[in-house]
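Asker: I'd like to ask you about the structure that follows.
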Amino acid sequence: MASSLTCTGVIWALLSFLCAATSCVGFFMPYWLWGSQLGKPVSFGTFRRCSYPVHDESRQTMVMVEECGRYASFQGIPSAEWRICTIVTGLGCGLLLLVALTALMGCCVSELISRTVGRVAGGIQFLGGLLIGAGCALYPLGWDSEEVRQTCGYISGQFDLGKCEIGWAYYCTGAGAAAAMLLCTWLACFSGKKQKQYPY
């Protein structure tokens, strides 16, 4: 099977896929922020949440429903910062995934990835990592929303966790983006084979 990648390019393809998968899994999981409400664990992502309060009509009290799901609508996301974070991070994950899948195809298809295409792919990965990094930086701006304050003991604010803590999915998303920006972008410069010159 012919490949358009150098040995470094194969490492780049595999690492690109690993970084993209790590960032995408972290983005999709609702474990960016951990706290508790009514004695039950609660977690948030950018567009998903686990455990939420509902009013129990029979007992005339608030109870926690312990299940995970997306917000009912885009406007249902607790803050404008989290809505922007969702768009920016999702776009960054999409770019990383696009490059990773293209790189993996380069392992099997000859003349798909040239040196120039590899460098452009590295630039796209850098942009994708930058977008995800921007999303991770925007996320703490939404910690002053009412939903988060209820979960974090009414003492949380922008860049102040209160009684909450950052979850593994936040670190996972950021780590995938950082590795894509620093490692994959550099490896992409050496990924493609020099194209053959055809006399026409």
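Asker: With unit charges on the beta carbons (Lys and Arg positive, Asp and Glu negative) and the dipole taken about the Cα centre of the chain, which residue among Leu112, Gly35, Cys68 sits farthest to the positive side?
Answerer: Farthest along the dipole direction, towards plus: Leu112.
Asker: A further question on this structure: Tell me, what HN-Hα J-couplings in whole Hz come from the Karplus equation 6.51 cos²θ - 1.76 cosθ + 1.60 at θ = phi - 60° for each residue of region 71-79, using x for Gly and Pro?
Answerer: Once rounded to whole Hz, the list reads 5, 4, 8, 4, 6, x, 4, x, 9.
Asker: Further question: Any idea which of Val148, Leu127, Ala188 is furthest toward the positive side of the dipole for the chain, if Lys and Arg beta-carbons carry +1 and Asp and Glu beta-carbons -1?
Answerer: The residue sitting farthest along the positive end of the dipole is Ala188.
Asker: Go ahead and estimate [θ] at 222 nm for the chain from helices alone: -39,500 (n - 2.57) per DSSP H run with n ≥ 4, summed, over the residue count, rounded to 500. Working shown, then result.
Answerer: Values: 6 runs with 95 residues, N = 200.
That comes out to -15500 deg cm²/dmol.
Asker: Next question, about the same structure. Inverting the mean 1/r over all pairs of different Cα atoms, compute the Kirkwood radius of the chain and quote it in Å. Before the final figure, lay out each step's value.
Answerer: Details: mean 1/r = 0.0547 Å⁻¹.
Result for the chain, one decimal place: 18.3 Å.
Asker: On the accessible surface of region 62-200, probed at 1.4 Å, how many percent belong to carbon and sulfur atoms?
Answerer: On the way: 4840 of 7450 Å².
In region 62-200, the share of accessible area belonging to carbon and sulfur is 65 percent.
Asker: Can you compute the charge dipole magnitude of region 1-81 about its Cα centre, using +1 on each Lys and Arg Cβ and -1 on each Asp and Glu Cβ, nothing else charged? Give it in debye, rounded to the nearest 20.
Answerer: For region 1-81, the charge dipole is close to 100 debye.
Asker: Okay, moving on. Against the longest alpha carbon principal axis of the chain, how many degrees, from 0 to 90 and to the nearest 10, is the axis of helix 80-106 turned?
Answerer: Between helix and principal axis, roughly 30 degrees.
Asker: Trypsin sites (Lys or Arg not before Pro), restricted to region 1-107: which are DSSP loop and have at most 15 other Cβ atoms within 10 Å? Walk me through the numbers on the way to the answer.
Answerer: Details: sites: Arg48, Arg49, Arg59, Arg70, Arg83; in loops: Arg59.
Answer by residue number: Arg59.
Asker: Could I ask something else about it? For region 111-188, what D do you get in µm² per second when you plug the Kirkwood radius from alpha-carbon pairs into Stokes-Einstein at 4 °C and 1.567 mPa s? Walk me through the intermediate numbers first.
Answerer: On the way: Rh = 14.3 Å.
It diffuses with D of about 91 µm²/s by this estimate.
Asker: Using the heavy atoms of the protein chains alone and a 1.4 angstrom probe, what is the accessible area of the chain per residue in square angstrom? Walk me through the numbers on the way to the answer.
Answerer: Details: 10360 Å² over 200 residues.
I get 52 Å² per residue for this part.
Asker: Between helix 115-138 and the chain, what is the angle of the helix's C-alpha long axis to the longest principal axis, kept within 0 to 90° and rounded to the nearest 10?
Answerer: Orientation of helix 115-138: about 10 degrees from the principal axis.
Asker: For a test of the definition: using alpha carbon positions, the gyration tensor, and the 1.5 limit on a/c, classify region 76-116 as rounded, prolate or oblate. Show your work: numbers first, answer last.
Answerer: On the way: a/c = 8.21, a/b = 3.96, b/c = 2.07.
Prolate, since a/c reaches 1.5 and a/b exceeds b/c.
Asker: Next question. On the first, second and third principal axes, largest extent first, how far apart are the outermost C-alpha atoms of region 68-155 in Å?
Answerer: Reported extents, whole Å, longest axis first: 57, 23, 19.
The values are calculated or read from the model by the stated rules, or taken from the named source; none is laboratory data. Please read all numbers here as calculations on a predicted model, not as lab measurements. Ideal geometry is used to build each Cβ from the backbone, glycine not excepted, and the neighbour counts take in all protein chains shown. Areas reflect the complete protein model, heavy atoms only, side chains present, ligands, DNA and RNA absent. Shrake-Rupley method; radii C 1.70, N 1.55, O 1.52, S 1.80 Å.
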